[in-house]
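Structure record follows, encoded as structure tokens.
All of the numbers you see were taken from the coordinates with simple rules; none came from a lab. None of these values were measured; they are calculated from a predicted model. Backbone-built Cβ (ideal geometry, glycine too); neighbour counts: all protein chains shown.
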Ligand code: ZN
Ligand code: ZN
């Protein structure tokens with residue numbers, strides 16, 4: 001029995017008044033997921049646990065069956081690894097965003113208008129790597145832009161190991177018990193990086209990050225790319241916000257050996273790819289997201305069908321509903337969910353044999369439109385296939401999932417063992 005495990009980024013939501021109390025998933029036309037729901041079992045799931053509004057990396061680690069409190073070491077190292085940078089224990093790795101800095105440390109836009117092209121970002125990254133030198137401590141760095149406004153930074157000390165126990169300069173996220181979580185009341189001010197433990201190594205690491213942020217700001221602010229953006233009425237990408245520092249890679253158990261299966265991953269963002277690679281999954285090559293979700297879904301469906309024979313289990317991470325969730329755009333979020341239903345699920349359902357395949361669909365976290373941020377709201381989950389004893393519920397949504405036989409799964413780590421038992425038992 002094979003497993004197709006689909007994680008739809010930020011799909012979960014809360015009832016929305018303007019949609020007559022429906023969530024975007026409930027409002028969207030999703031005949032294919034509804035069909036799967038009608039033959040499967042439904043439930044809700046806290047992807048990390050009650051009270052934790054997780055970032056994607058924390059949530060993905062959890063729903064792949066690794067306790068994030070035990071294994072999580074900061075998103076920075078995962079992103080760095082997933083985007084191909086070298087990372088050794090003692091190197092300091094951080095997740096970054098190009099953003100727009102105004103006077104008095106005010107962050108005008110955390111994502112520089114969210115229209116920075118990879119070409120622009122590459123030019124800016126090149127200038128930063130060439131012109132910035134860290135002098136507060138003997139260290140080198142490598143900054144790499146990944147997709148759009150996103151990037152990663154690795155600082156390598158020439159003397160003693162660096163520490164990941166430092167705060168974020170990005171005001172939108174904080175660190176709770178070492179995990180990156182979205183802040184609820186955000187003051188959009190560039191924060192100082194401060195040591196989170198009383199150690200020489202944390203003080204040095206924080207000082208290096210602050211030095212990097214201000215020196216790169218000087219380089220970026222006057223850069224030609226930003227002069228052109230300003231002339232076009234766009235926001236400057238003149239500061240690099242840092243978050244989720246870490247100084248080591250997680251030592252995951254190998255998912256294939258642990259469960260006795262062959263796992264493959266279809267994901268396009270560095271962090272999910274990094275996690276999957278560290279877990280021992282085979283990464284299936286995918287082009288970067290094109291901005292056209294329909295096209296991206298068709299490619300994923302095609303890649304899945306063409307590699308179905310080679311592997312037992314597939315972890316497929318689809319982006320789309322999370323961004324409109326952050327913008328509070330519930331219509332667009334519903335539309336993205338409908339596109340995924342139509343072009344991903346619609347392309348595979350008549351080509352896979354549900355006698356031999358279990359399909360699980362869930363989200364890594366909720367991104368409720370009215371909060372415009374991740375929350376701990378439990379996400380819908382379904383486990384479907386011809387051999388699954390159906391709950392007889394005909395729709396896939398938060399409300400319907402509440403009545404399902406899976407109940408409320410209190411921790412995301414509980415899902416993978418359930419899935420593995422399911423594919424082995426039937
Ligand atoms: Zn996510
Ligand atoms: Zn998000």
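Residues 91, 296, 364, 67 in ascending order of nearby Cβ atoms (within 10 Å, fewest first): 67, 296, 91, 364. Annotation: the residues 416, 331, sorted from fewest to most other C-beta atoms within 10 Å of their own C-beta, follow the order 331, 416. Based on Cα contacts under 8 Å between residues 6+ apart, the stretch 59-125 shows a relative contact order of 17 percent. Restricting attention to the chain, close to 65% of DSSP beta bridges with both partner residues there are antiparallel. Dividing the summed helix terms, -39500 (n - 2.57) for each DSSP H run of n ≥ 4, by the number of residues in the chain produces a 222 nm estimate of -9000 deg cm²/dmol to the nearest 500. Taking springs between alpha-carbon atoms closer than 10 angstrom, which of 169, 413, 307 fluctuates most in the Gaussian network model of the chain? Maximum fluctuation in the GNM of the chain, among the listed residues, is at 307. As a ratio to 2.2 N^0.38 Å, the alpha-carbon radius of gyration for the stretch 78-246 is 0.97. Diffusion coefficient (Stokes-Einstein, Kirkwood radius over C-alpha pairs, 25 °C, 0.890 mPa s) for the chain: 112 µm²/s, rounded to a whole number.
Solvent-free Debye calculation, one equal scatterer per alpha-carbon of the stretch 234-360: log10 I(q)/I(0) at 0.10, 0.12, 0.15, 0.20 Å⁻¹ equals -0.41, -0.59, -0.87, -1.24.
For a label point 7 Å from the Cα of residue 186 along Cα→C-beta, name the residues of the stretch 347-387 whose backbone N is under 16 Å from it. From the stretch 347-387, the list is 366-376. Using a/c under 1.5 as the rounded threshold, could you call the stretch 244-286 rounded, prolate or oblate? The axes a ≥ b ≥ c are square roots of the C-alpha gyration tensor eigenvalues, and prolate needs a/b larger than b/c, oblate otherwise. Oblate. Result for the chain in a Gaussian network model with C-alpha springs under 10 Å: among 82, 148, 74, the largest mean-square fluctuation is at 148.
Specify the inter-centroid distance of the stretch 135-186 and the stretch 25-90, based on alpha-carbon positions, in whole Å. The stretch 135-186 and the stretch 25-90 have Cα centres spaced 21 Å from each other. Taking other C-beta atoms within 10 angstrom as a stand-in for reagent exposure, 58, 213 fall in the order 213, 58, fewest first.
Zone of residue 227 (label point 7 Å along Cα→Cβ, backbone N under 17 Å): which residues in the stretch 100-122? So the set is 120.
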